[in-house]
């Protein structure tokens, strides 16, 4: 199982060129909400970059994405 620790993005929709970061380990569960069209889902062609201190985690996640 892959456990995501944080979510970090910039230049997504109208968020601008500054990084926005969420620590996903701060609470036991996380709920992402928003209006339809607000960017909660990834469209099939969206590029996802995975960064980890553990190369095995990166490799496992990339393999998972390829299998979807």
Subset of region 1-16 [within 24 Å of residue 52 (Cβ to Cβ) and either touching a residue at least 24 places away in the same chain (Cβ under 8 Å) or in a loop (DSSP other than H, G, I, E, B) (or both)]:
1, 2, 3, 4, 5, 10, 11, 12, 15
Across region 20-40, which residue is farthest from the chain's Cα centre (by Cα) among those that are modelled with pLDDT under 80 and surrounded by 10 or more Cβ atoms within 10 Å (Cβ to Cβ)?
38
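The values are calculated or read from the model by the stated rules, or taken from the named source; none is laboratory data. Only a predicted model underlies this, so the values are computations on that prediction, with no experimental measurement involved. Counting neighbours? That spans all protein chains shown, and the Cβs are built from the backbone with ideal geometry, glycine included.
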